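**Student:** Questions regarding the structure given below will be posed in turn.
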Amino acid sequence: MGALATAIRLANAGYGVKILEKNNYPGGKLCNLELNNFRFDKGPSLFTLPNLVDDLLKLSPKKIDFEYKKLDVLTHYFFEDGTVVKSFSETKKFATELQLKLNEDPITIEKHLEQSKFFYETTAPIFLEKSLHKLKNFFNLSTIKGILNSYKLQLFTTMHQANSKKFKNKKTIQLFNRYATYNGSNPYKAPALLNIIPHLEFNLGAYIPKNGMIDITNKLVECAANLGVEFLFNCEVHHIELENDSVRYLKTASGDYPADIIVSDADMHLVYNKLLEKKYTPKKLLAQEKSSSAFIFYWGMQKQFAELDLHNIFFSENYEQEFTDLFNSNKPYHDPTIYVNISSKYCKNDAPQGCENWFVMVNAPHNKSQKEINYKEELKKNVIAKLNRILKVDLNDLIVCEEILDPYGIEIQTGSFGGSLYGNSSNNKFSAFLRHANYSSKIKGLYFAGGSVHPGGGIPLSLLSGKIVSELIVNDN
Ligand SMILES: Cc1cc2nc3c(=O)[nH]c(=O)nc-3n(C[C@H](O)[C@H](O)[C@H](O)COP(=O)(O)OP(=O)(O)OC[C@H]3O[C@@H](n4cnc5c(N)ncnc54)[C@H](O)[C@@H]3O)c2cc1C
């Protein structure tokens, strides 16, 4: 996402751009999986801030149609005691649902979402849309307003502390704490400012592209190609060659590619550990805690489930312990929260008639050892047992095909260190400032985009990194 956004913007500004991609397909984490007659989005499934994609597609010299639908129901939440809660995108409807099901005061819910909006509007112009590492960006009205309001941003309270003060029911607290996982963080450690995230879903909306998430990649690739960006697949970069601390060319098995400017969209660890000489390594920055990874089962299911929707969550009973394990042990909690995404609910061609394509994801620790994962069977047993218990079925009889992607596989396929999904975690109040800048202060001509650098992981922020980098490049050159 970071690379495509950067390439589109730079090509539009008149630069000659080549994308060197080690895989034989584009999109990185946002790619496709075809299994028997089922299609899956292999990585991201939640689409927010679609305007960021629209803004890029508008730069195409030929019109590109990109259709997406706003979701009325964001998520179906299932609890072990049989409680089911639907999160409606419309605030009042959602507040009424929480009043009926969890005895929450609807005014508290509405106020929480208003606060989320305030957090977003105060911080987005400072933290998300500009380089945090250029002093001049701090001298403007929105930044000064943000700094004056910073005492309201709850930087010294954790997300969990803030949520437990507001809500009566521990299920509501769990539901809102879950938003920390949207950037791979721990709600019991991350600052309450992460309560910014519900604003994206509730106030701004969650969407599904007409042809599934893969449509985002496909349309951005089409746009880049229309602007003259050249794609080289199966083209792994082995080294970034420098001369007098300035970039010169990229070394690959198929030859050298000279460049005046190089933008890396690969994980920071990979760039510093494999592509550059050791003397450039920012050791403190690389030593920071990583965001969580994921373990995914892709199941072709020979049944349709009326009680399920596009996004479904089956909560663990002990959320705090789940996060303690996620960040302190090397395998997921034995009773993990399970996310089931079923794109065939909206994209009918994704599964044969009467069937569904289940993307079943559990948050998993990032794979520090970078070795193969050894808990697959145990995790699968726990996941199936939990889903069977809550849905009152036997999934073993219904799964007709399966593929698995684990933290090790995520690292092999995309280069993310230990398979972490969003670069560094945001478990620290200073984490926004501790992300790598979008440029190298030591190497002239080297820039960075993507989820492991500023402003962060996830599709929207990776796309914004492309905007920040391309603006830096145009200004610097
Ligand atoms: C399972 C999963 C679920 C997710 N869910 C969501 C979600 O619901 N919503 C959301 O917004 N985000 C989600 N994310 C996160 C989101 O996918 C990422 O933050 C975003 O796609 C990262 O984009 P990126 O620009 O960092 O590049 P990446 O997708 O990491 O791509 C990097 C690219 O660089 C290539 N590369 C690496 N090294 C080299 C090399 N040496 N030479 C050449 N090429 C190289 C890789 O092959 C890859 O194509 C999810 C991620 C995963 C894996």
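The values are calculated or read from the model by the stated rules, or taken from the named source; none is laboratory data. Source: prediction; values computed, not measured. All Cβ positions, even for glycine, are placed from backbone atoms using ideal geometry, and neighbour counts span all protein chains on display.
**Student:** Return the residue satisfying two criteria in turn: it lies in region 232-245 and is more than 11 Å from the ligand (Cβ to nearest atom) and of a type outside the set (A, V, I, L, M), and of such residues it is surrounded by the most Cβ atoms within 10 Å (Cβ to Cβ). Even if it seems obvious, please write down each step before you answer.
**Tutor:** Of all residues in region 232-245, those more than 11 Å from the ligand (Cβ to nearest atom) come to 241-245.
From the residues that got through so far, the ones that are of a type outside the set (A, V, I, L, M) too are 241, 243-245.
On the way: Glu241: 17, Glu243: 9, Asn244: 6, Asp245: 12.
Across region 232-245, the extreme among qualifying residues is Glu241.
**Student:** Considering only region 96-130, state which residues are among the charged types (D, E, K, R), touching a residue at least 60 places away in the same chain (Cβ under 8 Å) and within 30 Å of Asn438 (Cα to Cα).
**Tutor:** Lys117, Glu129, Lys130
**Student:** Which residues, taken from region 183-216, are crowded, with 23+ Cβ neighbours inside 10 Å, polar (S, T, N, Q) and either part of a helix (DSSP H, G or I) or in contact with a Lys or Arg (Cβ under 6 Å, 6 or more places away or on another chain) (or both)?
**Tutor:** Listed by number, the residues that qualify are Asn183, Asn195.
**Student:** Give the residue that is surrounded by the most Cβ atoms within 10 Å (Cβ to Cβ), with candidates limited to residues of region 1-33 that are more than 18 Å from Glu236 (Cβ to Cβ) and near the ligand (Cβ under 7 Å from one of its atoms).
**Tutor:** Met1
**Student:** Related question: Starting from residues that are over 20 Å from Ile468 (Cβ atoms), surrounded by fewer than 19 Cβ atoms within 10 Å (Cβ to Cβ) and under 30 Å from the mean Cα position of the chain (by Cα), keep the ones in region 246-271 and report whichever is nearest to the ligand (Cβ to nearest atom).
**Tutor:** Checked region 246-271; the qualifying residue nearest to the ligand (Cβ to nearest atom) is Leu270.
**Student:** Name the residues in region 1-53 that are assigned to a loop (DSSP other than H, G, I, E, B), polar (S, T, N, Q) and in contact with a Gly (Cβ under 8 Å, 6 or more places away or on another chain), would you? Can you show your working first?
**Tutor:** Residues of region 1-53 assigned to a loop (DSSP other than H, G, I, E, B): 1, 13-17, 21-31, 36-37, 42-46, 49-50.
This time we only want the ones that are polar (S, T, N, Q), so: 23-24, 36-37, 45.
Residues satisfying the conditions are Asn36, Asn37.
**Student:** Given the residues Gln288, Gln353, Gln321, which is the only one that is away from the ligand (no atom under 16 Å from the Cβ), farther than 21 Å from Ser45 by Cα, surrounded by 15 or more Cβ atoms within 10 Å (Cβ to Cβ) and not assigned by TED's automatic domain parsing to the domain that holds Gly458?
**Tutor:** The unique qualifying residue is Gln288.
**Student:** Go through the residues of region 396-407 one by one and say whether even a single one is within 16 Å of the ligand (Cβ to nearest atom), over 30 Å from Gly354 (Cα atoms), at pLDDT 95 or above and not aromatic (Phe, Trp, Tyr).
**Tutor:** The answer is yes, given that some residue of region 396-407 is within 16 Å of the ligand (Cβ to nearest atom), over 30 Å from Gly354 (Cα atoms), at pLDDT 95 or above and not aromatic (Phe, Trp, Tyr).
**Student:** Do we find that Leu56 is within 12 Å of the ligand (Cβ to nearest atom), touching a Lys or Arg at 6+ places or on another chain (Cβ under 9 Å) and assigned to a helix (DSSP H, G or I) in this structure?
**Tutor:** The answer is no for Leu56.
**Student:** Right, something else. Kindly list, by first and then second residue, each pair from a residue in region 159-174 that is closer than 15 Å to Thr337 by Cβ to a residue that is among the basic types (Lys, Arg), limited to pairs with Cβ atoms under 9 Å and residues at least 6 apart or on different chains.
**Tutor:** Here the result reads His160/Lys189; Lys171/Lys101; Ile173/Lys166, each pair linking region 159-174 to a residue that is among the basic types (Lys, Arg).
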